Amino acid sequence: MYILGIESSCDDTAAAVVRDGRELASSCIATSADEQNLYGGVVPEIASRRHIEHISGVCGRALREAGIGMQDIDAVAATFAPGLIGAVLVGLNFAKGLAYAAQKPLVPVHHLRGHIAALYLTYPQLKPPFLCLVASGGHSHIVMVRDYVRFEVLGRTVDDAAGEAFDKVARTLGLGYPGGPLVSREAQKGDPAAYRLPTPKVEGRYNVSFSGLKTAVLNVVNQAKMKGEAVSTPDMCASFEHKITDILAEKLLLAARDHGAKKICVAGGVAANTKLRETLQAGADKLSAQLYLPLPALCGDNAAMIAAQGYYELQNGNTAGLDLNGLPTLGIDYEPAALRDGALRDKE
Ligand code: KG4
Ligand code: ZN
């Protein structure tokens, strides 16, 4: 069974074809990240405009590279939540048009469920249940993945997402956008013990908080400026990366210990971080647990993950009509039945 996936929730316009939820047939991405870099972050209006320009070409390429046509596709899966609403609607409406014209089912996919499904493409044998840290530019969740379409959020950030903290620190240090890979690259040349950064206190056993950490970096930089002193960018990046990856790993491993989880996963843009991967591997070994990490190319936003999750949503009968709306803040643990009867739409 072939699913065409479409993703446009942030600054990447992506389309992909996946076979039976596990096998990548094609994956195409056009990004506006370079243009967004001029403004130090994502400008929603620009993201929407670039999606409009790219969506048709990217979908055509995904089909061509998979060597199939719309007649061979069994369903069209698209991100409908969460994300920048103007951006989400571009991909979603295009998906509706394709589904309608080709008379194929339309499958709504939650973006974070998609990030988790990147693991199914990386590990064809991996099956739920497992424990997963989902860390992206907009979200940081510790999720118990009960089955392919049932999720329980055990912990979350109470303020900034992990990727957002990387991006803000990068901006403070004048490194550019997206910040994660740039901070990580600088960190390799620095000393992680150079700056003592705080571990923010937070209520909730598995919750995290990064706003204080980001402010601490800003304070060090501002105070140094006032004194006419220099801040070492590599040292600050290494200190920050060490602290934030430690916090993420500690909470995930705590949840794993408490729940006796033997399968531990990470997903989302921040899952590409080498330091986080190493810290988690050491922790998982201590717990005699198996660690699953997505292929680096599938950590950031892509449509292959949307097609993969779309396959499992379709298997569970989670299709939608052409009145499906985009939901900018919907949680990962929504009930598909509530989506069908419109109850969720009215809350947003
Ligand atoms: O999942 P994603 O591509 O988009 C969202 O759904 O938000 O995540 C993007 C985030 C950005 O904040 C980016 O800075 C971060 O992931 N990121 C990283 C790395 N690569 C991307 N953060 C830390 N280390 C990295 N290597
Ligand atoms: Zn994402």
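Summary of computed values
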item	result
Scope the stretch 68-88; condition crowded, with 24+ Cβ neighbours inside 10 Å and either in contact with a Lys or Arg (Cβ under 6 Å, 6 or more places away or on another chain) or over 14 Å from Asp12 (Cα atoms) (or both); matching residues	Val76, Ala77, Phe80, Ala81
Odd one out for Thr215, checked against (1) surrounded by fewer than 18 Cβ atoms within 10 Å (Cβ to Cβ); (2) modelled with pLDDT under 95; (3) under 26 Å from Val43 (Cα atoms); (4) of a type in the set (Ser, Thr, Tyr)	(2)
Enumeration of residues in the stretch 161-196 that are away from ligand 2 (no atom under 16 Å from the Cβ) and of a type in the set (A, V, I, L, M)	Val169, Ala170, Leu173, Leu175, Leu182, Val183, Ala187, Ala193, Ala194
Pairs with Cβ under 7 Å, 6+ apart, first in the stretch 264-283 and touching a residue at least 60 places away in the same chain (Cβ under 8 Å), second acidic (Asp, Glu) and within 13 Å of ligand 1 (Cβ to nearest atom)	Lys275/Glu241
Number of positions in the stretch 74-86 that are of a type in the set (Asp, Glu) and in a helix (DSSP H, G or I)	0
Check on Asp285, outside any helix (DSSP H, G or I) and not small (Gly, Ala, Ser)	no
Residue match in the stretch 128-140 (condition: free of Cβ contacts under 8 Å to residues at least 24 places away in the same chain and away from ligand 1 (no atom under 12 Å from the Cβ))	yes
Residues within the stretch 274-324 that are surrounded by fewer than 18 Cβ atoms within 10 Å (Cβ to Cβ) and either over 18 Å from the mean Cα position of the chain (by Cα) or closer than 30 Å to Gln103 by Cα (or both), tallied	14
Qualifying positions in the stretch 1-26 - buried (at least 24 other Cβ atoms within 10 Å of the Cβ) and over 20 Å from Gly97 (Cβ atoms)	Cys10, Asp11, Val18
Search result, residues across the stretch 98-140 that are within 12 Å of ligand 2 (Cβ to nearest atom), over 30 Å from Gln71 (Cα atoms) and not aliphatic (A, V, I, L, M)	Ser136, Gly137, Gly138, His139, Ser140
Any pair with Cβ under 9 angstrom, 6 or more apart, that starts in the stretch 149-168 at a residue that is touching a residue at least 12 places away in the same chain (Cβ under 8 Å) and of a type in the set (S, T, N, Q) and ends at one that is more than 14 Å from ligand 1 (Cβ to nearest atom) and assigned to a loop (DSSP other than H, G, I, E, B)	Thr157/Val202; Thr157/Asn207; Thr157/Ser209
Pairs where the first residue, in the stretch 110-123, is in contact (Cβ under 8 Å) with a residue 12 or more places away in the chain and the second is of a type in the set (Lys, Arg) and more than 13 Å from ligand 1 (Cβ to nearest atom), C-beta under 8 Å, 6+ apart	Tyr120/Arg22; Leu121/Arg22
Those residues of the stretch 264-275 which are farther than 16 Å from Phe130 by Cα, more than 16 Å from ligand 2 (Cβ to nearest atom) and not hydroxyl-bearing (Ser, Thr, Tyr), in sequence order	Lys275
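Per-residue answers, yes or no, for (1) in contact (Cβ under 8 Å) with a residue 12 or more places away in the chain; (2) closer than 16 Å to Ile142 by Cβ:
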| position | (1), (2) |
| --- | --- |
| Lys201 | no, no |
| Val231 | yes, no |
| Phe240 | yes, no |
| Asp246 | yes, yes |
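Listed here are the residues, each with its yes/no results for (1) free of Cβ contacts under 8 Å to residues at least 24 places away in the same chain; (2) in a helix (DSSP H, G or I); (3) within 16 Å of ligand 1 (Cβ to nearest atom); (4) of a type in the set (Val, Ile, Thr).
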{"site": "Ile6", "(1), (2), (3), (4)": "no, no, yes, yes"}
{"site": "Ser26", "(1), (2), (3), (4)": "no, no, no, no"}
{"site": "Ala30", "(1), (2), (3), (4)": "no, no, yes, no"}
{"site": "Asp34", "(1), (2), (3), (4)": "yes, yes, yes, no"}
{"site": "Ile55", "(1), (2), (3), (4)": "no, yes, no, yes"}
{"site": "Glu65", "(1), (2), (3), (4)": "no, yes, no, no"}
{"site": "Val88", "(1), (2), (3), (4)": "no, yes, yes, yes"}
{"site": "Tyr100", "(1), (2), (3), (4)": "no, yes, no, no"}
{"site": "Val107", "(1), (2), (3), (4)": "no, no, no, yes"}
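The values are calculated or read from the model by the stated rules, or taken from the named source; none is laboratory data. Just so you know, these numbers come straight off a predicted model, no measurement behind them. Reconstructed Cβ throughout: ideal geometry from the backbone, glycine too, with neighbour counts over all protein chains shown.
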